[in-house]
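Read through the structure below, which is laid out as structure tokens, and then see the notes.
What follows draws every value from the coordinates through simple rules; no lab data is involved. Everything numeric in this text was worked out from a predicted model, so none of it was measured. Cβ atoms come from the backbone with ideal geometry, glycine included; neighbour counts cover every protein chain shown.
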Amino acid sequence: MSNGFKQLGVPEDLIKGLEELGFERPTPVQAAVIPYLMEDGGDLIAQAQTGTGKTAAFGLPLLTKMDPKVGEVQGLVIAPTRELAKQIGKHLFRYTKYSAKVFVEVISGGEDVPKQEARMRRPTQIVVATPGRLLELLRRKALKLDAVQHLVLDEADEMLSMGFREELRKILHLANGRKSTWLFSATFPEAIEELIQGCMKPGAKRVTVDAAHVVNRDIEHQFAICGRGDKLEFVIRFLRKQEGERGLIFCRTKAGVITMGRQLGTAGFAVDVLHGDLTQKERDKAMRAFKKDRVQYLISTDVAARGIDVEGLSFVLQHQLPDQMEYYTHRSGRTARAGKKGLSLTLIEGAERRKIRKLEDELGVRFEEVG
């Protein structure tokens, strides 16, 4: 394993941290991105889905470019949700277990602002932030972006779809002394191209991971034909076979999540729900219960599940196909993490079989039909 990352230019002290985390070999996006960022470090535009290892792809080079002796913010990572920001911060911290300590702070909504201001008074080299809370702390003069050299936009398409366009423009303007911008996005709609034109040099390096390499190879993909009225019975039957295994259940809408949570709770399962109308306190409580194994199954919408990183999930059950096909990779990528195997099972109606075939073609995977 270490040779794979060593050949990409990753220093030995960071490799030691990676080995302890169980990193076996570089993923395609890491192999494509890390050498360029290590050596050149200039503007980068990368296509990458959730679950493909992109945090290490930008995180390892970012850590090597920080000067631990300088107490100012030199690296800035912007993420769409608090969950994803915390996940990135945790990973960056773990990578540096055996290296010169680079201090990372996570700045996001749902936490006490004065406490975050106090934390920012300590020497900090990297800030991972959600757009709104970062601007709030900048208004309060709790931090400055004058010394930022490298700015990362993670899941840029998701940030734009959540309405953060103006916030991103302001942040990019305030960090205008930076050397480079590294943008990661699963899709490239027109709004992303406009953002790129406004914040990057015309010759920015572009990296596109082949669709066939985007999906984690340790995931087994299955589908079942199931009429709308029969889905609950199917889900209950499936969950009863899981015994002690844990998993995520995705529903397309908030109403679907609430209904499924009530139905499965009535059937005797230990479940909790995650959707966009919950307060941050309620979201945190649900995530804590799930991570500490107090509930066996978590039922969620797509946006609410952004950034969920829970170890040891055996399966993902999709009550319906997502509205946007790129979300399939995001959903299925919640299982089979850290080199483990996992199952992604999708319930479809008969007329949707063609959508499964389309996913097979686009992602280079094969689905097995189960009864």
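Decide, for the stretch 2-212, between rounded, prolate and oblate: order the square roots of the alpha carbon gyration tensor eigenvalues as a ≥ b ≥ c, take rounded if a/c falls under 1.5, and otherwise choose prolate if a/b is larger than b/c, else oblate. Judged from the Cα gyration tensor, the stretch 2-212 comes out oblate (a/c at least 1.5, b/c at or above a/b). Normalised by the number of residues in the stretch 215-369, the mean separation of alpha-carbon contacts (under 8 Å, six or more apart) gives a relative contact order of 37 percent. What is the distance, in nm, between label points placed 7 Å from the Cα along the Cα-to-Cβ direction at Lys141 and at Asp323? The answer from the label model is 4.3 nm.
Among 257-267, 311-321, the peptide with the highest mean count of other Cβ atoms within 10 Å heads the list, and the full ranking is 311-321, 257-267. The length gained by stretching the chain between Glu243 and Asn176 to full extension, at 0.36 nm per residue less their Cα-Cα distance, is 18.7 nm. Taking square-rooted eigenvalues a ≥ b ≥ c of the alpha carbon gyration tensor, is the stretch 130-175 rounded, prolate or oblate, where a/c under 1.5 means rounded and, failing that, a/b exceeding b/c means prolate? Oblate shape, in that a/c is at least 1.5 and b/c is the bigger or equal ratio. Peptides 14-24, 350-360, 122-132 ranked from most to least packed by the mean count of surrounding Cβ atoms within 10 Å: 122-132, 14-24, 350-360. With the highest mean first, a sort of the peptides 134-140, 275-281 on other beta-carbon atoms found within 10 angstrom per residue produces 134-140, 275-281. If the segment from Arg206 to Gln280 were pulled out straight at 0.36 nm per residue, it would be longer than the present Cα-Cα gap by 23.1 nm.
Given 37 °C and 0.692 mPa s, compute D for the stretch 151-264 with the Stokes-Einstein relation, Rh being the Kirkwood radius over Cα pairs; round to the nearest whole µm²/s. Value of D from the Cα-based Kirkwood radius: 179 µm²/s.
Using the Cβ-Cβ distance between Lys69 and Arg294 with R0 = 51 Å, the FRET efficiency computed as 1/(1 + (r/R0)^6) comes to roughly 0.75.
By definition, a body whose alpha carbon gyration tensor gives a ≥ b ≥ c is rounded when a/c is under 1.5, and the stretch 231-371 falls into this rounded group. Segment Tyr98..Ala267, full-extension length gain: 56.1 nm, with 0.36 nm per residue of separation and the alpha-carbon distance subtracted. Annotation for the stretch 64-98 versus the stretch 254-302: alpha-carbon center distance of 29 Å.
The coefficient of translational diffusion for the chain, derived via Stokes-Einstein from the alpha carbon Kirkwood radius under 10 °C and 1.306 mPa s, stands at 74 µm²/s. For the chain, relative contact order (Cα pairs under 8 Å, six or more residues apart, normalised by length) works out to 19 percent. For the stretch 129-194 versus the stretch 323-337, the inter-centroid distance based on Cα atoms is 24 Å.
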